[in-house]
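Asker: Take this structure first; my questions come after.
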Amino acid sequence: MQAMIAQTIQLALAPVFVLVAMGNLLNLLTSRLSRVVDRARALQERHVATEGPDHDEVVAEIRMIDRRINLITRAIRLMVISGLMIGTTVAVLFLEELANLRLQRLAATTFLGAIALLMWALVLFLRETQVAAEQLRIPRTFLELEREV
């Protein structure tokens with residue numbers, strides 16, 4: 001029995017390492033979300049105080065910020081659900097050994113589902129970074145490409 005539990009612990013280590021990596025990614029995503037929310041608050045103050053072309057720029061940036069917030073929160077949600085599924089995988093692995101049940105397919109299904117959700121979250125994260133890069137493009141006039149420096 002002890003040998004089976006030791007083997008199960010070894011088998012459960014791979015999903016646990018994925019959980020650690022996901023924790024780091026969640027930390028990164030929440031940091032990005034925090035910065036974006038701070039920027040949104042600053043823009044909301046400017047929204048009331050601006051008119052004309054300046055107001056249009058503020059509105060355009062608020063729209064981009066809203067899009068980024070949406071992408072980040074969706075990625076976080078998927079990552080958390082993925083983490084729960086990995087935790088379920090580990091629990092199923094132990095339940096299989098302790099109760100002497102045949103749950104290999106269930107463990108494989110929950111783990112593959114978790115990986116699929118993780119990949120989907122990473123795609124959303126990639127999209128958010130693309131939106132951020134578009135938003136931060138430096139206007140060509142600021143580059144003064146016509147003159148040599």
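Quick note: the coordinates plus some simple rules give every number you see, no bench work behind them. What you see is a predicted model, and the numbers here were worked out from it, not measured in a lab. FYI the Cβ positions are ideal-geometry reconstructions off the backbone, even for glycines, and counts take in every protein chain you see.
Asker: Order 116-126, 93-103, 67-77 from most to least packed using the mean count of other Cβ atoms within 10 Å.
Answerer: 67-77, 116-126, 93-103
Asker: As an exercise, use a Förster radius of 22 Å and the Cβ-Cβ distance of residue 13 and residue 120 to find the FRET efficiency, rounded to the nearest 0.05.
Answerer: FRET efficiency, residue 13 to residue 120: 0.35.
Asker: For the pair residue 48 and residue 73, what calculated FRET efficiency results from E = 1/(1 + (r/R0)^6), where r is the Cβ-Cβ distance and R0 = 30 Å, to the nearest 0.05?
Answerer: Approximately 0.75, to the nearest 0.05.
Asker: How many nm separate the modelled label positions at residue 59 and residue 101, each set 7 Å beyond the Cα in the direction of the Cβ?
Answerer: Here the modelled spin labels are 5.7 nm apart.
Asker: Report the Cα centroid-to-centroid distance between the stretch 69-83 and the stretch 124-149 in angstrom, as an integer.
Answerer: 26
Asker: In nm, what is the difference between 0.36 nm times the number of residues separating residue 148 and residue 26 and their Cα-Cα distance?
Answerer: Computed gain between residue 148 and residue 26 is 39.6 nm.
Asker: Name the residue from 34, 101, 120 whose Cα lies farthest towards the positive end of the charge dipole of the chain, charges +1 on Cβ of Lys and Arg and -1 on Cβ of Asp and Glu.
Answerer: 101
Asker: So, one more: Residue by residue, what Karplus-based ³J(HN,Hα) values in Hz, rounded to whole numbers, does the stretch 51-65 have, using 6.51, -1.76 and 1.60 with θ = phi - 60° and x for Gly and Pro?
Answerer: 9, x, x, 5, 5, 4, 5, 4, 4, 4, 5, 4, 5, 5, 4
Asker: Which is farthest toward the positive dipole end of the stretch 2-143 among 90, 71, 135, measuring Cα position about the Cα centre, with Cβ charges +1 (Lys, Arg) and -1 (Asp, Glu)?
Answerer: 90
Asker: How much of the calculated P(r) for the chain lies past 20 Å, in percent of all Cα pairs?
Answerer: Within the chain, distances greater than 20 Å cover 62 percent of Cα pairs.
Asker: If you place +1 on the Cβ of every Lys and Arg and -1 on the Cβ of every Asp and Glu, how big does the dipole about the Cα centre of the stretch 2-143 come out, in debye to the nearest 20?
Answerer: 260
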